[in-house]
Amino acid sequence: MHTIIAGRFDEQLQADQAVSALGVTGFAPEQIATFFVNPAGQHALSGTHEDPNASAGAHHAAAGAVTGALAGTGLGLAAGLATIPILGPGAALAGAAVGAYVGSFGGALNQLKEPGTDNEAPADSEPVLEEAAPRKSGMFVAVDAGTSSEQTSAITVLHEQGAVDIEQTQGSIVHSEWIDFDPLSAPALVTVSH
C-alpha cells in the first residue's frame, strides 16, 4: 500500500484538467485514478447495515410484509366468505387478495417501528458519539504518491486545479484504478495553506 492523495471536484472539466496537470508534473497515467462518488446512501452497499444513511430497519421490512400479507389474506378471506350471499362466490377471492395487499403494507410499516430493529437504540445504551463527516459526492482524482515530494506535489496540483476537498490515505492504485477505495470511509482531509 502507498500513500494516496485524492481531490474532490464539483465539475468533470476541473477533474480532467487536474489529471493533465498531474501528468505534466511527472505522474504516470497508471498512478492516477479518476472516478465519481455517488451521494451518501447511493453506493453499492446501500440498504445494508454498512451504509449509515440507509433507511433504518428497511432490510427487515420484507419479513414484515410477508407476515402482514398472510394475516391480511386470512382476514380478507373471512370477510369475503361472510359477503358471499351478497356479492357472490368471487367475494372470498377478492377479499383474500385485498387483505393480502393491505396486510403487506401494514406488516412492512409495523416492522419499521418494532423495537429491536435497527431504528431504535435500547433504553440503557450509551449515547452515540458523532462520527466523522461522510465523504461528499463528486468527481475524484486520486494519485499514488509514494514519496513525500510526490505527496506535496500532488496536493499542490490538486489545490491549484480547484479541488474542493483534498484527502490523504493509504491504498493501492493499480492500472489507473483505486482498487481498495471505500466510498463509505470517512476522509482524512488535508489542510492546504492559501
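A short reminder: the numbers here are calculations on the coordinates, not readings from a lab. Values in this document were obtained by computation on a predicted structure and should not be read as measured data. When we count neighbours, we look across all protein chains shown, and the Cβ atoms used for this are built from the backbone with ideal geometry, even at glycine.
Taking a sphere under 13 Å around the Cβ of GLY7 and counting the other residues whose Cβ falls inside, with K and R at +1 and D and E at -1, yields a net charge of -3. Taken over region 1-44, the convex hull of the Cα atoms encloses 105 Å³ per residue. Taking Lys and Arg as +1 and Asp and Glu as -1, the other residues whose beta-carbon sits under 10 Å from that of GLU30 total -2.
Ranked highest first by the average count of other Cβ atoms within 10 Å around their residues, in what order do 156-166, 171-181 fall? Could the numbers behind the result be given before it?
Values: 156-166: 18.8, 171-181: 15.1.
My ranking of the peptides, most packed first, is 156-166, 171-181.
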